Every structure is written in structure tokens, then in C-alpha cells.
């Protein structure tokens, strides 16, 4: 029974939903993008079309405004559909700012995760069966699954992008994994994923399997230090490695992978704060401590710098940038750098998200206060040494023009 539930609720994207199911704290009416899509579908305002090649995939991506260029291909066996996944037959993942879609060719369901402004990550499946009115099945339950990745007394929904040492079948060697976000060393990223794009002399774990038996590896991190990763580097064409015809794109764009790691991390921290406010006695961290952790992640404290320029293999980067809210000088927090760091103006674009806007007042007030202190130059401590004077000035000016409630809080404290 436990194994069945574990397989059932493992989530998308090496976006493992590692514990999802103690969701009794969900108290709001469903307000996530899929709940909204379901209501529109039921009313006939949107029709989800089924095609014989990929089922509902294309229709769902269009309805949720998820770009095909965001496609990432993962061959690690981290899904309840693991029997269909291998280095020869990867799983495809797609995302935008608040929605994640997982597709396995030949699978009987599409996996989905969306971010509810109040409840954080919410998980669904959609059967790949042609019906007049398709129904998304929300995977919420009274059960618990596997183990708790949230570091709280009770499990909460989580999105985790993990990197593993995959054997030739796609199974994680020694069941060890590295968390992938902005702080991750480049060399530890994307094991079990395909990666397309260029990144110079930087090396990552993508595009390859480990032939050595687990018994010969010993300590995984020590083994990683000696691995020759050249064969997986600067790959721009996957057609020599796998059959890409089952997927709408032939790529697994490196820029998409980096942005995916960033935003899943931020979504998780926001969800953790919401949980803490609802259950103040179930976690050792205070709301202020968690808000400071979120603030530092949003402003890229400890982010791993790039040593060479990074370029994606699709138009994903330009599509992402073009969605940006811009100030009168044409600047946006979605503008990418990709030379020495991910963003030109290092503050997370998710400050505009409904999830951030829905943060409990004490957490949001703390983050706005810290932004005022850091961006005005009042706080120049070593944690923020990565921010130049120009960075602080640019970010502050962008926020004052494009984030009204921040501007209001700034004015109230006096410029």
C-alpha cells in the first residue's frame, strides 16, 4: 500500500513532490491555474483538444500559456511512471511562472503541478483518454507519502529539482541526489537530465550516465570530483543521443533548466512561510527567519557565479524576457545576464507573482524592509557584496516604478 501511494504521488520534474499529502491546512477555495482552467472547461469557455500523438499535451500547454520552448527532458526514474522512463525514453517537462506540466510518451496520464496563491504547490493528473469533458484529478489526500522533504513537523507540498548520478537505466546510484537551485555548484547540476546549449568550460552532470557499479563509487561527492564530464558538455543536438520525435521540441534548454531551479526554490520558501503562519508551533524557525531566508534567495545571496557565458539552444530566453514588466527606461527584472550570473538585475521576477503578493503581512513587511535597507545602501554587509552600487540603484528604481505596494512602503519610511 505504501509503495503504491509513493509511486502514485511522486511529482513531476524531478520536481519531486516528496511529501505531498498532509494537506489538511488547505482552507481556501481552489484558486490555482488548473482549478480555473477546469471551471472554464466545464462551462465550455475552453475546449481541451485530444490528438492521437500526444493526447491533451498541446492543448494544455496552450490553455495554461506554457511555452514549448521551456521543454526539459529528464531520464532519471523520478516519477510514478518510472517504468516508461529511461535514457532512451525521457520524460518531458514544461513550465511557466506558476504551472508545471509533465509528459511521458505512451503514459496513461499527464502530471501537473500548479502554484496556488495561498496554498502553494498543488498537484493534479489528467488521464490521457479522449472524453467530452476531461477532468483534472487533484491529488490531495489525508495520507502521507514516503518522507518529509520540507523540514517541518508535518509534510507540505514541495517542488524539488534534483540531480542524481544515473546508472544506464536512469536509476539514481546509491539513491543519492543533489538539490539544484541558484546556489548549486555547476558541476553538481542536472544529473539525469538532458541539457542543450553552450556553457564554455563549465561542466555539469547532464547528458550522460554512469557506467561504474555502485560498489566501485564509494562516496558520491568524492567520486563526482574525479569524473570526466566533457562528453556531456556544450551539447546542442540531442538527435544523436535519443529519438526526439515523440516530443514537440528537440531540445532541453539550459536556460530553462536554470530558471526552473530558481523558481521552484522560491515557490517552496513561500509555501514554507505560509505553513509557518498557519501552524506557528510546528516549526522551529520564526516567520522573520523564514522571510529573511526567502529575501536572501530572491536577491541571489550565495548564488553560484558563472565563469563563462551561457546560451540556450531555443528561443526560450527571449520568450521569458519578453514577458517582463518594464519601467520607463525599459528595464525589467526578467532581463537575463547569462555572462557572470543569471539575471542582469539580481532580484527575483517572482516578486510580481500572486504567491509573493499573497504572503502573510509580517513576512512581506520584513522583505520590503530588507529591500529598502539593502537597495538604499543602509545595509552593505558582506552577504550583499555581490550587488554593485549600480545594481542596487537599478533594482530600486525598477521596483519603485513597477511594484506599487513596495513604492508605497518606501515612501512611508521616507526616501
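Laboratory data are not the source of any read-out in this text; all were calculated from the coordinates shown. In this text the structure is predicted, and so the values were computed from the model without any measurement. Cβ sites come from the backbone with ideal geometry, for glycine too, and all protein chains shown count toward neighbours.
Translational diffusion coefficient of the range 57-132 (Stokes-Einstein, Kirkwood radius from Cα pairs, 37 °C, 0.692 mPa s): 252 µm²/s. Have a look at 371, 224, 48 and tell me which one the Gaussian network model of the chain (Cα, springs below 10 Å) gives the largest fluctuation. Sorting by GNM fluctuation, first place goes to 224. Computed over the Cα atoms of the chain, pair by distinct pair, the Kirkwood hydrodynamic radius stands at 22.1 angstrom. Counting only DSSP beta bridges whose two residues both lie in the chain, roughly 95 percent are antiparallel. Extending 7 Å from the Cα toward the beta-carbon at both residue 227 and residue 321 defines two label points whose distance is 3.1 nm.
Extension gain for residue 129-residue 408 works out to 95.4 nm (0.36 nm per residue, less the C-alpha to C-alpha distance). In the chain, the DSSP-assigned H stretches of four residues or longer account for a calculated mean residue ellipticity at 222 nm of -8500 deg cm²/dmol, using -39500 (n - 2.57) per stretch and the full residue count as denominator.
Suppose we take every Cα in the range 178-238 and form the convex hull; what volume per residue is that in Å³?
Values: hull volume 5.7 nm³, N = 61.
Convex hull of Cα atoms, per residue: 93 Å³.
Compute the FRET efficiency between residue 62 and residue 31 as 1/(1 + (r/R0)^6), taking r as their Cβ-Cβ distance and R0 = 22 Å, and round to the nearest 0.05. Step by step, r from the Cβ atoms, then E = 0.55. How far is the Cα center of the range 246-261 from the Cα center of the range 160-239, in Å? One Cα centre to the other: 16 Å. Peptides 330-343, 260-273 ranked from most to least packed by the mean count of surrounding Cβ atoms within 10 Å: 260-273, 330-343. Counting beta carbons within 10 Å around each of 320, 406 and listing the fewest first gives the order 406, 320.
Value of Rg to Rh for the range 30-92, rounded to two decimals, is 1.05; Kirkwood radius and Rg both from alpha-carbon coordinates.
Using the Cβ-Cβ distance between residue 385 and residue 198 with R0 = 22 Å, the FRET efficiency computed as 1/(1 + (r/R0)^6) comes to roughly 0.15.
Across 52, 38, 128, mean-square fluctuation computed from a Gaussian network of the chain (C-alpha pairs under 10 Å connected) peaks at 52.
Multiplying the residue separation of residue 217 and residue 243 by 0.36 nm and removing their Cα-Cα distance gives an extension gain of 6.3 nm. Taking max minus min of the alpha-carbon positions on each principal axis, the range 218-264 gives extents of 39, 30, 18 Å, largest first. Exposure proxy for 54, 413: other Cβ atoms within 10 Å of each Cβ, ordered fewest to most, give 413, 54. Each semi-axis of the equivalent ellipsoid for the range 175-332 is √(5λ) with λ an eigenvalue of the Cα gyration tensor; in descending order they amount to 31, 24, 15 Å.
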